[in-house]
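What follows is one structure encoded as structure tokens, with my remarks underneath.
The values are calculated or read from the model by the stated rules, or taken from the named source; none is laboratory data. This structure is a prediction, so every number in the text was calculated from the model and none was measured. Note that we place each Cβ from the backbone using ideal geometry, even for glycine, and neighbour counts take in every protein chain shown. Side chains included, ligands, DNA and RNA excluded: accessible areas come from the protein's heavy atoms. Shrake-Rupley method; radii C 1.70, N 1.55, O 1.52, S 1.80 Å.
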Amino acid sequence: MVTAEHPDFTPGRGAASSQPSTRFGLAARETDGDWRDHMETLAAQDGPPVKLRTTVTEEHPKTILSFNKSPDIPFDRSINAYRGCEHGCVYCFARPTHAFHDLSPGLDFETKLFAKPGAAKLLRETLAKRNYKPRAIAMGTNTDPYQPIERTYRITREVLEVCLEARHPVTITTKSDRILHDLDLLEQLALRKLLAVAISVTSLDPVLSGKLEPRCAAPAKRMAALGRLVEAGVQVHCSISPIIPAITDEFMEEIVARAADLGVRSMGWIPLRLPHEVAPLFREWLDVHYPDRAGKVMSIVRSIRGGKDNDPNFGTRMRPSGVWADLLRARFRVACRRAGVGKAGFELDCSQFRPPELGGQMRLF
């Protein structure tokens with residue numbers, strides 16, 4: 001519902017506004033009282049405004065592999081086939097990246113998307129270089145590789161085809177059961193120990209999920225996807241993330257138990273992170289959906305982040321501190337012990353790598 005406090009809020013979208021970034025000196029946008037009166041008059045005359053639509057812009061970068069040296073993440077290279085994400089998860093830590101392009105980390109992030117249709121070709125060229133050394137490529141580390149537009153663009157599938165041809169290991173993180181559309185490729189990669197998949201499950205309540213991550217697969221579909229991947233022989237991890245105190249933490253034990261029943265043996269949890277523009281967007285979301293507990297939620301968030309909305313430091317950004325953090329850790333350990341699971345390591349094989357062919361030419365060496 002559109003409210004006086006949040007006139008941009010649109011059902012089916014995660015962010016409550018098109019709040020712009022202020023980090024790069026971009027022009028600020030404010031709702032003017034006269035403008036609002038004018039829009040209300042137009043609505044009375046012409047009906048409700050046109051539905052907010054998703055647009056996709058194709059872009060053609062020169063490279064597709066991104067390398068990092070972050071000390072607290074388990075991969076050094078990644079592919080992001082898309083920028084922006086229609087899933088609309090209000091808590092998404094990738095939202096601030098849209099500010100780099102003079103776009104809002106709010107509604108723009110989930111409605112103005114970018115696709116890289118040349119990703120597979122660029123990857124093939126990179127893997128074919130003589131000095132390339134294989135290590136697992138992470139997909140889904142910024143925006144979801146199986147968000148709705150993958151149905152049309154199929155960029156993720158094309159990348160996986162290159163990885164299979166080159167026998168290159170890959171990991172996938174997603175919130176979508178759309179990953180099952182590529183089960184034929186996933187089974188072949190898994191058979192060669194070239195694949196690990198993590199599916200994020202935030203809650204088990206479809207109504208809450210519809211508010212928090214409005215265009216994601218429903219929790220039941222994600223759980224079903226976990227089970228299907230296990231049956232297919234894929235190394236699977238259930239990520240209970242993010243844990244939002246007083247909103248989603250109540251589901252932790254049940255998610256662990258249900259995933260274990262499906263055969264998942266690797267699980268973990270990640271606390272809510274609110275970098276840059278995500279913090280005010282999340283506060284707006286609380287004001288719209290949970291005004292009765294907004295203060296409590298943010299109080300707990302600050303208590304696990306050293307008194308701030310967010311801790312950006314390496315080493316601690318993924319590891320909250322304080323009493324509430326200790327409680328969550330203890331609950332997770334007990335739940336895993338009861339279910340007979342833990343955080344298992346994945347075995348991915350880099351020794352099978354073979355540079356892919358270019359332009360239909362056979363390899364000479």
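Arg319 passes every criterion in (1) within 22 Å of the chain's Cα centre (by Cα); (2) on the phi > 0 side of the Ramachandran plot apart from (2). Screening the candidates Arg363, Arg319, Arg337 for the property of being at pLDDT below 95 and over 30 Å from Glu161 (Cβ atoms) yields one hit, Arg319. Residue pairs whose Cβ atoms lie under 6 Å apart, sitting 6 or more positions apart in sequence or on different chains, and linking a residue in the stretch 177-198 that is over 19 Å from Leu348 (Cα atoms) to a partner that is not in a helix (DSSP H, G or I), are Asp177/Ala217; Arg178/Tyr146; Ile179/Tyr146.
Of the set (1) without any contact (Cβ under 8 Å) to a residue 60 or more places away in the chain; (2) hydroxyl-bearing (Ser, Thr, Tyr); (3) part of a helix (DSSP H, G or I), all apply to Thr156 but (1).
Considering only residues in the stretch 125-150 that are among the small types (Gly, Ala, Ser) and touching a strand residue (DSSP E or B) at 6+ places or on another chain (Cβ under 7 Å), the one that is nearest to Val90 (Cα to Cα) turns out to be Gly140. Being part of a helix (DSSP H, G or I) and surrounded by 21 or more Cβ atoms within 10 Å (Cβ to Cβ) holds for only one residue in Leu229, Leu164, and it is Leu229. Taking the listed residues Met298, Met267, the one that is over 17 Å from Leu327 (Cβ atoms), of a type outside the set (Ser, Thr, Tyr) and touching a strand residue (DSSP E or B) at 6+ places or on another chain (Cβ under 9 Å) is Met267, with no other qualifying.
Being at pLDDT 95 or above, out of contact with any strand residue (DSSP E or B) (no Cβ under 8 Å at 6 or more places or on another chain), among the acidic types (Asp, Glu) and farther than 24 Å from Cys238 by Cα holds for only one residue in Asp292, Asp326, Asp309, and it is Asp292. Against the test of being among the acidic types (Asp, Glu) and under 20 Å from Leu281 (Cβ atoms), the options Asp72, Asp76, Asp102 yield a single qualifying residue, Asp102.
Of the residues making up the stretch 136-153, those that are in contact with a His (Cβ under 9 Å, 6 or more places away or on another chain) and open to solvent by 20 Å² or more (accessible area, probe 1.4 Å) are Ala136, Pro148, Arg151.
Restricting attention to the stretch 90-129, the residues being open to solvent by less than 10 Å² (accessible area, probe 1.4 Å), in contact with a helix residue (DSSP H, G or I) (Cβ under 9 Å, 6 or more places away or on another chain) and either farther than 23 Å from Asn310 by Cβ or not in a helix (DSSP H, G or I) (or both) number 9. In this structure, Arg228 does not qualify as touching a Lys or Arg at 6+ places or on another chain (Cβ under 7 Å) and of a type in the set (Lys, Arg). Of the residues Lys211, Lys221, the single one that is in contact (Cβ under 8 Å) with a residue 60 or more places away in the chain, within 20 Å of the chain's Cα centre (by Cα) and open to solvent by 20 Å² or more (accessible area, probe 1.4 Å) is Lys211.
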